[in-house]
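The values are calculated or read from the model by the stated rules, or taken from the named source; none is laboratory data. This is a predicted model, so every value here is computed, not measured. Neighbour counts run over all protein chains shown; Cβ positions are idealised from the backbone, glycine included.
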Amino acid sequence: MAHAAQDDEVEDGLLVAFVRHTDALIADLGWDRAEFWKPQLDVVEALLVEASDKVERKVKVSIAAARVNFDRRWGSMDPEVVEVATRLASSWDPKRDTMQQECPACGATGISDGSNDVTWEADGSATVWFYAANFYCRLCNLELWGIDELEHAGLEWDCIREGADPADYTPGADEQAEADALGGMSHGK
């Protein structure tokens, strides 16, 4: 019986992903969404609303549990100790595929992992985008996974990296930095 419920959850998740991906393609192609989905538009809308409601409930429970965890862990400590811990949580060395964000549960600085993309314009200028995939807060242990959970928690999942050098985020930048550190030699040589 448990396997059937898990199978239904997986099936629903795949169906929602399919509908969202199809909606994105419809928008990109400039097609009329209502025309495309008819006569299933009501079913598609109900599916998306139900999926959103499930994610919203999960995020609310996760945030509430993280707040309880924060209070259990830090509530009885001197406020100065909590302030130092909060500052330490925000003093991490950011990696290329991470971004700091304020935790929606405890207000400390948490870390979003994700990926970067560089958009080049015809004039040679570029914009570095960060796309978050998850979020973790070290102080309250809040974990959020996927764009839907990040959105429902009020966190950014796509943003411009202000002041970022596009050369640092182009494919091969890690390999080049590693080769430079090795005195110009790559692993392949």
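Structural remarks
- From the options A153, A89, A132, residue that is outside the structural domain of K54 (by TED's automatic domain parsing), crowded, with 18+ Cβ neighbours inside 10 Å, of a type outside the set (K, R) and at pLDDT below 90: A89
- Residues in segment 64-78 that are farther than 13 Å from G107 by Cβ and at pLDDT below 90: R73, G75, S76, M77, D78.
- Entry remark, segment 107-137: residues being small (G, A, S) and assigned to a strand (DSSP E or B) number 7 in total.
- You will find that of I63, I26, the residue that is surrounded by 12 or more Cβ atoms within 10 Å (Cβ to Cβ), free of Cβ contacts under 8 Å to residues at least 12 places away in the same chain and in a helix (DSSP H, G or I) is I26 and no other.
- Flag for E9 being over 13 Å from C137 (Cα atoms), without any contact (Cβ under 8 Å) to a residue 12 or more places away in the chain and in the same structural domain as E151 (by TED's automatic domain parsing): no
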